[in-house]
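All of the numbers you see were taken from the coordinates with simple rules; none came from a lab. Given the structure is predicted, the values throughout are model-derived calculations rather than measurements. Here Cβ is always computed from backbone atoms with ideal geometry, including for glycine, and neighbour counts include all displayed protein chains.
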Amino acid sequence: MMDSDCLSLLPAVCLVLADPKQSPPDDTSLEKLLDWFKELHSHSNGQVLLQHQPCVLEFISSICTSKTTDPAILSFTLKLTGLLAATMQGFHLLEKGGLVVCVFKREAWCVCDLWEDASVRSGWLQGLLNMLNHQQALDFICGNGLIKLILQLQNDKSLFVSCLANQLLVHILNFLTSSNMTNVSDAVGSSESSLRPDWVSVSSEITNAVVEALSSEDHPQVLQGLRLLSLVLSQCGEPIRSTLWKDVLEPLKVLVNRQSESLTQTLITVLQAAVRTPLLSQSEYKVEELLEAMLGDGNRKECFQCAALIVKLEKCPDVLKRKATNIILLPLQCVSTQPQAEKEINVVLKEQLSQKALCISLLMQSLSSAFTHLIGCCKVQRCGLDTLGALSVYEENMDLRKDIFGVLLDYLRSSDSHATVIKKTFQAIKRWIVVCSPFPDLLQFVSHGNSGFTEALHTSGMVSVLLSSLADAEGYVRASAVAAVGEAVTASFHQTALVSNSNLLEEALVQMMTVLSEDTEGFPRRAVVKAFTSWLKGSHPVTALDSSLSSVLLLGGNDFDWEVKMHTLELAEVLMEKTLTCCPYAIQNFGSSKEKHFMQALSRLKDFGLLDLLLNSLFDCDRPVCEKACALLVKLRTITAETVDLDHSAFVLNVCGNRWGNEVQKRYFNKQQAKASVCVTNLVTGSGEGTDCDLYCIKDIGLPKILQILDLDDMQRMLTLSSDHVVNSPRSLMEDILSAAQQSEENIVDCY
C-alpha cells in the first residue's frame, strides 16, 4: 500500500514518465507500479486518488497529446486509465476531463503510428478489460464503435493480442447477460428479449463475426473463430451460449465433416466445452451428432481424441459410447490378432497406434494380460504400469492380485527393465499395498480377512526385491523402493499373526537408516523421513520405532537438503501430537497429577531430541524451515499454556554448546543491555537478590523463559514477510525511477 511518502513522490514520477527524453523503466517496474495504483485506487473507491493527485490526470492527458510518446509508456497509460475508470466515480472524473475518449479513441491520438506496436494494441485491450466493470464502461465501448476494432484484433498477428481480444469479447458477452444487468435465467434457450436493444445488436455483431469466421476459407480466421466459440461455451451463460451455438451449428458441421487434420484439436476443444453444458442434453443442438461425425469410420488417428472424450462422458447414448470404445480398443487387435489377419488391420492401425500415450491406459484397463505383448517399449510399459496401479481401486480385481504381483515382480527382476520402468513398478506396488491394507477407511477388507494379500506379498518374493532395491544405482529408484517398503511395513502392522512382520520392520529400519545417513541424493532421504511419518500417523502403536526416532530427528534436522528438514519437522509435529495426546507415546499415568503427566511427556520429547530440533531449526538458513519450526514452537507454547501453569524456571534445558543456546543468550543480552549497570552494582555490593543478568552465568534455562526470550510472535511476523519486503515496495520503486532519471541527466551533462 502506498503511504503519504509514496504519494509525495508521485508528481515527480509522473513528470519523469511523461518526459520523452527519459528512457522508460523496464516492463516489470511499470507492471508493479500498475499493481500499486490498482491497490490504492480500490481502497479509495476510485475517487480520492484522482481528486487529491491531479498529477495523474495531467500525466494521462500529456501522454495522449504528446507526439513523441514511447510505446511502453502509452501502453502503461492505457492500462492505468482502465484501472482508474473501473469504478463509476473514477470513470465520471476521467470522462469529465474528456480523458476516456482521449485514451481509447485511436483517432484522438497525436501519433497514430504507435498502433503498429503490439504492446500498444495489447495495452489498449487490457485497458478496456480493466475498465469493463460497470454499465457506463459497456455503454462507452458499444456507443463508440469499439466492438468492430476488437473483432479485428481477434485476428491480430500477435498471438498475445488476439488472445486478449477473445477474452475481452467474452467479457463483453458475459457482461451483457450478467445478473446485475438482466433477469435472464441460465436455462437453455432463454430469450434475448430482456436485453436492451443496443446490447442485442452488440451480441449479434459478435455472433455474426464468429459465424463468418467459421465459414471463411482463411485457416487462421477459422481457428480464431473456433477459439472464441470454445471460450463462449465454457465461460458465458444463457441466452448467449445457445444463441451462438444455433448460429454456428451449420458451419461447424461443415468443418467437422471436412476432417481437416489441422483443425481437429481445436474442434475437439470446442466439443469438450459443449459437452460440459446443458446443450448436450438437448437434441436440437446436435452435439452428439457432431461427436459421432468426428469419430468417422475410426480410420484416422484424430478419432482417438474424440473417442477418449466420449467414453469419459457421464451422459452419453450407449450406441455412441460403444462405437468410441471399439475405436479405443482397436490396438488390442494388433497385439492379439492372428498373423493372417494382420494385413487387414495394419493399414488402419498404423496411424492409430501413434496415439499410444492417449489410448494405452484405457486399453490396459480392458485386458492386463496384453502386457506380454508390450515388453520392450518403455513408454508403453510405463503407461501400462500406471494402468495396473489404477486397477487397485476396483474391488473386483482383488482376485487378480497374485497375477498382478507376478507381472510387477517380472519387471523388477528383468535386467532389461529401464530405470524409469522400475520406478513406475514401485509406484504400482505402493498403490496396491495401500489399497489392500486394512486402513480405517477400508474396513471391508478386514471383515473378509486380508491375510491373502500379505501372504501374496511375502511368498511372491516381492519383499526381498524391494529391500534389495534400496541399494539401486538410480536415486529415484531407491526413493521409490523406500516408499514401497514403507507401505509394505504399514500393511504388515495389521497382520500380527505373521512371524515375518517383525523381521521385515527390523530389516527395513536398518536399511532405511543407512539410506538417511549415507545416501548422497535427496530423493531417497526425503522418502525415508516420510515413511517414518506415515508409520507414526498410523492407528496401530509401533513402539519398535522408538529406538530410531531420535536418530531420524537428528539426521533429518541436520540434513543439507531443505526438503528433508521440512519432512523432519512434519515428523516432529506428528510425534509431538502423539506424545502429548495419544497412546503409546503419551505417558498414561492416571494416578499422577495433570502437571506431572505433562512434564513426563515433555521429558519424552526432550529425550527424542525434538526440542533441540525445533530450536535449532528456528535459526536455519532456509526460510521455510524457520517458519515451520516457529509455528511448531508456538503450538507447543499454546498447548503448554492450556494444559499446565508452568513458571519460567520450569522444565530446564541446557543452553550451552548448541546453536540455539548461543542465539538465546545473545538475544537475551541484547534485550538486557540497559540493565547491565544494575547488574554490576548488585555484584559489587554483594546484593543477595537474584536478577535476570544471572542468565549470562548459568547453563540451564526453563523452557517457558526460553520461549519468552525468543519472542516467537515477532519472529513469526518477520518470517511471514517476503525476503524482499524492505526493498520491494512502492517507495523503493519510485525512488529507483527518479534515481535512474537523475543519472540519465547527469550522463547527458557529462557528454557535453
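General observations
- For residue 178 and residue 325, the difference between the fully extended length at 0.36 nm per residue and the C-alpha to C-alpha distance is 48.9 nm.
- Theoretical FRET efficiency, 1/(1+(r/R0)^6), r = Cβ-Cβ of residue 204 and residue 38, R0 35 Å, to 0.05: 0.55
- For region 214-320: rounded, prolate or oblate by the Cα gyration tensor [a/c cutoff 1.5]: oblate
- Calculated from the alpha-carbon coordinates, region 532-581 shows an Rg and a Dmax of 10.8, 32 Å respectively.
- Taking other residues whose beta carbon is less than 11 angstrom from the beta carbon of residue 486, and scoring Lys, Arg as +1 and Asp, Glu as -1, yields +1.
- Across 666/705; 537/705; 38/96; 105/157; 21/157; 537/565, pairs whose alpha-carbon gap is larger than 24 Å: 537/705; 21/157
- Rounded to the nearest 20 debye, the dipole magnitude of region 234-306 is 160 debye, with +1 charges on Lys and Arg beta carbons, -1 on Asp and Glu beta carbons, and the Cα centre as origin.
- Inter-part distance where region 67-113 and region 508-531 are each reduced to a Cα centre, Å: 61
- Three-way shape call for region 96-152 based on the alpha-carbon gyration tensor, with the a/c threshold at 1.5: prolate
- Amide proton proximity set for residue 652, modelled H, under 5 Å, gap of 5+: 703
- When the P(r) is computed for region 58-155, the part past 15 Å accounts for 56% of the Cα-Cα pairs.
- Net charge contributed by nearby residues that have their C-beta within less than 15 Å of residue 581 (K/R +1, D/E -1): +2
- Gyration tensor verdict on region 48-100 (Cα atoms; rounded if a/c is under 1.5, prolate if a/b is larger than b/c, oblate otherwise): prolate
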